[in-house]
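This report concerns only the one structure given below.
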């Protein structure tokens, strides 16, 4: 008997990205991205020295891959258009081979009853744009808006769900704060500029989309990890509030409300970390409100008040205001070292309902990465019961949110097929479909078969 039935026309599918799945990284006119550059400079920073060229060959195999999606009963699928493939010089001429590929890929999805959700930026800054300053440069912001408009004009007749950015905080954290992505800068003020300009770029893209009056929606995908305090002590509560300001509200508020939280502006001003603002920026941000919010959720963020004084000579960081906290008795994914906390997905939806006008949303990523998954191989198939349990437990909380009037319209797993990850290559596997790297053979895992049933029945 079915316990959890989801609303009609619920989106069941998965998410991926161009740079993590296409491969063909410098083929058919595509120019280099920051990933090609970093791999060239520092191959040792990549797991097993597997770089961006070795991704999951979707560029060559998209037709057969989409047939697998059909087998999984996907009705939606999110991927991204690579700026460096479509406009290799960052601005100017469009690459006809890229237009051909994306048109054929979108058509193939539609032909198989799968609605394309297309994202415009997934951490893959073209190298020629990074050389101009990347998101620190307003020139690059303008170039991105032109790229976005080009995509809308080329594919907007067929694509009805657009997203400007995926997890825009990650290039900020990785590239400008914590040294895990190129260009490996540690400088909060530059990070704040990158974050600010990203939201200006987002708003410009939204404005361009609206001006074209196409039928469809435009949104953004954010990783809205809730910040949970260790206790109800005022100092712990303050720590979680500030963590939330830095990591969630810095993107959520401008995307949904069209303005930054006053508390964040005050805090950054106090420490002289505000980015440079220009006349007209506030009006522009107000025009960037989204129709739809993609929510990525993997693990909670737990924080407590700092135990020690800040070293004033150290670089300014969000962690000046809190410490991370490991909750005793927490449930863990031992393979990834991440806490599993299913209720987080419900808490996010309730927050959107109560504080953000119940904006239409969907779970755009959720998933479980496992290292050495081949040990669960039996009779030619990965028996990933742990992933089925993970998804089922999250869906139960998602269902509870929907039953309490949260406007959540779908669920996408990260990811469709085991794909390359930024510096971890194929160390952790996330897919419904197993990829054999040596042969490129694709095999549906047990979780994929289970999900196909859930999608077909619209519940479980």
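Laboratory data are not the source of any read-out in this text; all were calculated from the coordinates shown. Keep in mind the model is a prediction, meaning the values are calculated, not measured. In this analysis, Cβ positions are derived from the backbone assuming ideal geometry, glycine residues included, and neighbour counts consider all displayed protein chains.
Just a few scattered comments:
- Counting only DSSP H runs of at least 4 residues, each contributing -39500 (n - 2.57), and dividing by the residue count of the chain, the helix-based mean residue ellipticity at 222 nm comes to -12000 deg cm²/dmol.
- Value of relative contact order over the chain, rounded to a whole percent, pairs C-alpha under 8 Å and six or more apart: 19
- For 65, 393, order by how many other beta-carbon atoms lie within 10 Å, fewest first: 393, 65
- Taking every alpha-carbon pair in the stretch 11-457 and binning the separations at 20 Å intervals from zero gives 25, 62, 13, 0 percent.
- Potential extension, residue 393-residue 213 segment - 0.36 nm per residue separation minus Cα distance: 60.8 nm
- Per the Debye formula on identical point scatterers at the alpha carbon atoms of the stretch 397-460, with no solvent, log10 I(q)/I(0) at q = 0.19 Å⁻¹ is -0.82.
- Peptide ranges 377-385, 418-426, 116-124, 400-408 listed from the most packed, as the mean C-beta count within 10 angstrom indicates: 116-124, 418-426, 400-408, 377-385
- Once C-alpha pairs closer than 8 Å and six or more residues apart are averaged by separation and normalised to the residue number of the stretch 159-250, the relative contact order reads 31 percent.
- The stretch between residue 287 and residue 185 holds 33.7 nm of extra length on full extension. This uses 0.36 nm per residue minus the Cα-Cα distance.
- Full extension of the chain between residue 97 and residue 381 gives 98.6 nm of extra length, using 0.36 nm per residue less the Cα-Cα distance.
- Backbone N under 17 Å from the residue 330 label point (7 Å along Cα→Cβ), restricted to the stretch 391-434: none
- Put simply, the C-alpha atoms of the stretch 293-421 give a gyration tensor, and the ellipsoid matching it has half-axes of 29, 24, 13 Å, longest first.
- Using alpha carbons only: equivalent-ellipsoid semi-axes of the stretch 1-106, gyration tensor based, whole Å: 31, 19, 12
- Label separation (residue 374 vs residue 311): 4.2 nm, computed from points 7 Å beyond Cα along the C-beta direction.
- Given R0 = 25 Å, the distance between the Cβ atoms of residue 262 and residue 320 translates into a calculated FRET efficiency of 0.80.
- Least to most buried among 317, 1 (fewest other Cβ within 10 Å first): 1, 317
- Estimated from the Cβ-Cβ distance and a Förster radius of 51 angstrom, the FRET efficiency linking residue 5 and residue 424 is about 0.90.
- The modelled label-to-label distance between residue 40 and residue 270, using points 7 Å beyond Cα along the C-beta direction, is 4.5 nm.
- When both bridge partners sit in the chain, DSSP labels roughly 30% of those beta bridges antiparallel.
- Take every pair of alpha-carbon atoms less than 8 Å apart whose residues are at least six positions apart; their mean separation over the length of the stretch 1-57 yields a relative contact order of 40 percent.
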